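Novice: Before I ask anything, here is the structure I am working with.
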Amino acid sequence: MSKVHVQTTINGEAVEYLCEPQQSFLDVLREDLLKQGTKEGCATGDCGACSVLLDGRLVCACLMLGVEAEGRTLTTIEGIASDDGLHPIQQKFLEHAALQCGICTPGFIVATKALLDKNPNPDETTIRYWLAGNLCRCTGYDKIVRAVQAAAEELAQEA
Amino acid sequence: MAEAVDYKYIGTSPVRPDGVDKVTGRAQFAADQNMPNTLYGKILRSPHAHANIKSVDVSKALAMEGVYAAVSGADFPGGARGKVGGEGGGDIGDVARNIMARDKALYHGHAVAAVAATSLTIADAALAMIDVEYETLAPVLDVVAAMAADSPLLDATNFTKNLPETPDKPSNIASVTVLTRGNVDEGFEQADVTVEGEYHIPMAHQGYIEPHACTATVNEEGKATVWCSTQGHFEFRSMTSKILDWKVGDLKFIPAEIGGGFGGKTTVYLEPVAVLLSKLAGRPVKMMMSREEVFRATGPTSGSVCRVKVGAKKDGTITAAKAWLAYEAGAFAGAPIGPGAMAIFAPYVLENFHVEAHDVLVNKPKVAAYRAPGAPQSMHAMEIALDDIAREIGMDPLDLRLKNAASEGTRAPYGPKFPAIGFKECLEAAKAHPNYTAPVPEGAGRGVAAGFWFNIGMQSSAEVRINEDGTVIIMEGNPDIGGSRASMCLMAAETLGVDYERVKAYIGDTESTGFCNVTGGSRTTFATGMAVVQACEDIIAQCKARAAATWGVDEDQVEWEDGQAIPAPGVNADVTPMSLADVMASAHKTGGPLLGRASLNASGAGASFSVNFVDLMVDKETGKVDVLAFTAIQDAGTAIHPAYVEGQMQGGAAQGLGWALNEEYIYDADGVMENAGFLDYRVPVASDLPMIDCQIIEVPNPRHPYGVRGVGETPIVAPLAAAANAVRAATGVRINDLPLSPPNILAAIDSD
Amino acid sequence: MARIVFHDQLLPATNGEREIEVTVENYRDLLVVLEARWPGIGERLAKSAVAIDGQIYQDAFLEPIAANSEVFFMSRIEGG
Ligand code: FES
Ligand code: FES
């Protein structure tokens, strides 16, 4: 099967690649572009470890085809920190011990970014439902929810 | 002897040293390893739960363009039919057969062949070209039926171990464990109330979010390097060496960051296969399991049937207890019946008890360790029985447990007397907890249960090196699965008296650090922590000697305080104190660089007890459970990094609640797991849970320099019965089986 | 004399004796005594853990055993 040529933007950078038509965007990211901060936990859309932003919208990279990135703008975990350092969400995850093994963390941070971009002041229930697509097996979510609350506060103060 | 002391660093919760890489996506997990020229390895799995393998032919796959290696059981030492492993005890032989079936497929998903190809797509196509001829057999799926004399057999050469008489017929019962004291019949005669029940719990999976993955590369000299996701790379090296019959020295294992394990990554699945494929292909081979493979072929924990009978007097004194346990081993012997039997009555003073536990083969995946292996299943039964007794005699469930609680000097059911333990302290703390004194919310039910785990020590090594600026490098060999680098740094900072920020911890591979047993059994902070403390003490001794030499005084005239060598009080020396950096500055004159080391086989891990209580609401129309509040109280000995101790308690609570409320392996009649994905095997998500309130009790373990007990395992134990007891309180209906899922709750309410 | 207690799984190896009393200095010497009494038992004991005066050892060796010590053989414990 011949490969498809794709032009897209990832974390502000123009990227070109060839992919198989049936290849998931997650596979392209991880195995071909070696952007491996985005994780695979299930490849079926159930765990959120592969969360990325597609034109600002939260999607599972494993449910998206590589060819669907054509002409779009994507943000991955590698694009969350800025030249000034960690994003406040990342900082709060650290301070609140919101990661244990850390495999779910990139997905949670990207999902949290999408939430706070949309709703800067979510209550606990909103946070819990928004993050319900991201599985964490280590933390019991308590410290993750607190980190998100703290990040929201921090961002509100910065604004 | 550890006492309640004020520490400077221990007991604080700083940011972990590996944190930044883990929030930015830089951290390298096993599937993130890349090497030029890598092939992808994939495994062909049995479509039958029980079948004889008549033949496996990989030749068509091997002939395909882009396929560089293909193997089946016949390519491993021992071949398709011979004895595997060559070790006494046979365990490693079982692991060898588990990672690649030989003459029999023993569960749906059992590996039967593997290929290495230039792409995942080609590897998948190649698997489809492998011919396997099966002769299907009746699957054995029910643990009690499997024990019957007329059950089909998984292994016709299995004769039950540990029976008084060697049996003359083979059976699916791999072994029996009995634990007994006093006279149970007399004990029951003294009882005013007796409760009795049979409790069923299905298999559950550890559910780590990172699937198993590894990359192996074997060079032309026959030396292998393996990157993998493991809780213990030294043990992985040893298992791989035995399974492949390779020299240990020809195998180097590098632990990647690990995306969760909970016991499930203490044994190999892919690594020996990847090494063999790489050897045959002459190229690196990367293997990554799909989530479905993780469910079908890696370690769940045992499903179980427990029958328990408990008798007590009106005042709450337990007079006798009896338990019969049957645990599913899966396809090979090894269900955690020993710990299950030893744990079930461990929290209580008991004069008369009898436990009989069975390790039973069934056509399901070979079980692997899962957090406090064996304890949740048996203690679920006991803690429910106690709840029923408390209700019958009209006693608060915490008071009932306090009445019978084990404490220092109590003889544990498994023999020895307990040293200092914190169970009573946990119960008292629960009674006084504002969440417990608060009334149960209208319509909800509250359930209480206790938990316990032994904790273990075992072998650890650590090295501590000092840089010329006085910063400290720790090198040890326990993969950091939940923040252990931070705990190591805290203990080193405390011992040396230097700032936490000046200490870094690294996890060495099998060739850059001394042997360490697995990260598991709640041993890392305890045992490896002890090695780190001793290595730091080694550094201090060296610094004192060098300061003495520099000052021209005796070594015993030098003390170590706040990170520097100082003259002992009364020593008349006009000298400037020497910090680590000062010692390093003159190290070229005083004996070379500072290198501290320690290796040990730690004993004296202290048992950790817990008390949990949960408030939950049951929707009687749908059977859905809403968890309103959860409180976890546990004795940690000393909490080195309290935030990560809480993290263990909260994570264990979530796993325990998941197992209690929803998680289960569902099998069809052919032995095919019907829910091998996160959509249908439902682990708790954020919206299923409330905040999990933690109270850490600190009864220091006298056998650790800072009083550590180990905390990782105990938290999963109590939530099972706590949830079941809360559902009983909320609905008035006692449900003995897990999970307490909507259909099961509805069925119980309807039949009541 | 120290009190030595065997768990049920060891009873076949001790001809059903659950408990004995011996005088030894340490664990290594205890194993020598037990092996002399019940040849072959050492191999089974190597697969057990042992508690000496309340402390559990997965691999004991030179741990002292006093006149009033209690020694319990028990199943090995692993963990997750
Ligand atoms: S890997 Fe995409 S949701 Fe799990
Ligand atoms: S921290 Fe391990 S899965 Fe979330």
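The values are calculated or read from the model by the stated rules, or taken from the named source; none is laboratory data. These numbers were taken from a predicted model, which means no experiment stands behind them. Glycine also receives a Cβ, built like all others from the backbone with ideal geometry; neighbour counts cover every protein chain displayed. Just so you know, the surface numbers come from the protein's heavy atoms only, side chains and all, with ligands and any DNA or RNA stripped out. Shrake-Rupley method; radii C 1.70, N 1.55, O 1.52, S 1.80 Å.
Novice: When a/c reaches 1.5 or more, the comparison of a/b and b/c decides; with that in mind, is chain B rounded, prolate or oblate per its Cα gyration tensor?
Specialist: Note, shape of chain B comes out oblate.
Novice: As an exercise, identify the GluC sites (Glu not before Pro) in segment B:431-519 lying in DSSP coil whose Cβ has no more than 14 other Cβ atoms within 10 Å.
Specialist: When the GluC sites (Glu not before Pro) of segment B:431-519 are filtered for loop state and at most 14 Cβ neighbours within 10 Å, B:E442, B:E468, B:E511 remain.
Novice: Taking Cα pairs under 8 Å and at least six residues apart, what relative contact order does chain B come out at, in percent?
Specialist: 15 percent
Novice: Relative contact order, percent, of segment B:398-554 when contacts are C-alpha pairs under 8 Å separated by at least 6 residues? Don't skip to the answer; put the middle values down first.
Specialist: On the way: 188 pairs, mean separation 33.9, N = 157.
RCO, segment B:398-554: 22 percent.
Novice: Here's another thing I want to ask about it. Using a 1.4 Å probe, what is the accessible area per residue for chain C, in Å²?
Specialist: Normalised by residue count, the accessible surface of chain C is 47 Å².
Novice: If I histogram all Cα-Cα distances within segment B:169-272 using bins 5 Å wide from 0, what percent of pairs lands in each bin?
Specialist: It works out to 2, 10, 15, 13, 10, 9, 9, 8, 7, 6, 5, 3, 2, 1, 0, in whole percents.
Novice: What residues of segment B:458-479 lie in the reach of a label at B:A585, counting those whose backbone N is under 20 Å from a point 7 Å from the Cα along Cα→Cβ?
Specialist: Residues B:466-473 qualify, since their backbone N sits under 20 Å from the label point.
Novice: To the nearest 100 Å², how much accessible surface do chains C and B cover up together, summed over both, with a 1.4 Å probe? Numbers along the way, then the final one.
Specialist: Values: alone 4880 and 28200 Å², together 31000 Å².
Using a 1.4 Å probe, the pair buries roughly 2100 Å².
Novice: Moving on to the next point. Please report the relative contact order for segment B:150-208, taking Cα pairs under 8 Å with a sequence separation of at least 6, and give it as a percent rounded to a whole number.
Specialist: Across segment B:150-208, relative contact order equals 23 percent.
Novice: Give me the distance between the Cα centres of segment B:360-397 and segment A:7-67, rounded to whole Å.
Specialist: 43 Å
Novice: For B:N37 and B:E165 in one chain, what is 0.36 nm times their gap in residues minus the Cα-Cα distance, to one decimal in nm?
Specialist: Extending this stretch completely gives an extra 40.3 nm.
Novice: Here is a follow-up. PRE reach from C:T23 (point 7 Å along Cα→Cβ): which of segment C:52-69 fall under 16 Å by backbone N?
Specialist: Only C:65-69 pass the distance filter.
Novice: Consider all pairwise Cα distances in the protein assembly as shown and report the whole-number % of them above 47 Å.
Specialist: 26 percent
Novice: Moving on. Am I reading the A/B interface right? What is its buried accessible area, both sides, 1.4 Å probe, to the nearest 100 Å²? Don't skip to the answer; put the middle values down first.
Specialist: Working: alone 8500 and 28200 Å², together 32600 Å².
Protein heavy atoms only, the A-B interface buries about 4100 Å².
Novice: Per residue and in Å³, how big is the convex hull formed by the alpha-carbon atoms of segment A:4-79?
Specialist: It comes to 72 Å³ per residue, whole-number rounded.
Novice: So, for segment A:88-158, what is the accessible surface per residue at a probe of 1.4 Å, expressed in square angstrom?
Specialist: Per residue, segment A:88-158 has an accessible area of 33 Å².
Novice: Another question, if that's okay. So, taking all protein chains as they sit and a 1.4 Å probe, how much accessible area belongs to B:Y667, in Å² rounded to tens?
Specialist: Its heavy atoms expose roughly 50 Å² to the probe.
Novice: Can you pull the one-decimal nm distance between simple spin-label points at B:D554 and B:V571, each 7 Å off the Cα toward Cβ?
Specialist: It is 1.1 nm.
Novice: Considering the zone a paramagnetic label at C:F61 would reach in this model (a point 7 Å from Cα along the Cα-to-Cβ line), which residues of segment C:21-37 have amide N under 16 Å from it?
Specialist: Flagged as within label range: C:26-32.
Novice: Turning to a different aspect of this structure: Between A:N11 and A:D32, with labels modelled 7 Å along Cα→Cβ, what's the label distance in nm to one decimal, could you check?
Specialist: Result for the modelled spin labels: 1.9 nm.
Novice: Go ahead and run the numbers for FRET between B:D21 and B:S512, Cβ-Cβ distance against an R0 of 30 Å, rounding to 0.05.
Specialist: Values: r = 19 Å, r/R0 = 0.63.
Efficiency for this residue pair is about 0.95.
Novice: Roll a 1.4 Å probe over the protein chains and send me the accessible area per residue for chain B in Å².
Specialist: 34 Å²
Novice: Which of B:P593, B:T471, B:G732 sits closest to the plus end of the dipole of the protein assembly as shown, meaning its Cα is farthest towards the positive end, when Lys and Arg get +1 and Asp and Glu get -1 on the C-beta?
Specialist: B:P593
Novice: What accessible area, in Å² to the nearest ten, does a 1.4 Å probe give for B:M458?
Specialist: 30 Å²
Novice: Now for a separate question. Along its three principal axes, how long is segment B:310-440 when you only count alpha carbons? Whole Å, largest extent first please.
Specialist: Result, largest extent first: 47, 33, 30 Å.
Novice: Counting only other chains, what is the mean number of Cβ atoms within 10 angstrom of the Cβ of each residue in peptide A:90-97?
Specialist: Neighbouring Cβ atoms belonging to other protein chains average 6 per residue here.
Novice: What number results when the radius of gyration of segment B:636-752, computed over Cα atoms, is divided by 2.2 N^0.38 Å?
Specialist: That works out to 1.31 for segment B:636-752.
Novice: For chain C, what are the per-bin percents of Cα-Cα distances with bins 10 Å wide, up to the bin holding the maximum?
Specialist: 19, 59, 20, 2
Novice: A further question on this structure: Can you send over the carbon and sulfur percentage of the accessible area for the protein assembly as shown, probe radius 1.4 Å, protein chains only?
Specialist: Carbon plus sulfur share of accessible area: 48 percent.
Novice: On the full set of protein chains, 1.4 Å probe, figure out the accessible area of B:I243 and give it in Å² to the nearest 10.
Specialist: Roll a 1.4 Å probe over it and B:I243 shows about 0 Å².
Novice: With unit charges on the beta carbon (Lys/Arg positive, Asp/Glu negative), name the residue among C:H7, C:A60, C:V33 whose Cα is farthest towards the positive pole of the charge dipole of segment C:2-75.
Specialist: Towards the positive end, the residue furthest out is C:H7.
Novice: Magnitude of the Cβ-charge dipole of segment A:88-158, K/R +1 and D/E -1, about the Cα centre, nearest 20 debye? Display every interim value, and only then the final one.
Specialist: Values: 7 positive and 8 negative charges, 60 e Å.
Once rounded to the nearest 20, the dipole reads 300 debye.
Novice: Which peptide among B:186-197, B:737-748, B:222-233, B:91-102 comes first, and what is the full order, when sorted by highest mean count of other Cβ atoms within 10 Å?
Specialist: B:222-233, B:91-102, B:737-748, B:186-197
Novice: As an exercise, use a Förster radius of 30 Å and the Cβ-Cβ distance of B:W324 and B:E408 to find the FRET efficiency, rounded to the nearest 0.05.
Specialist: Working from the Cβ atoms, E equals 0.45.
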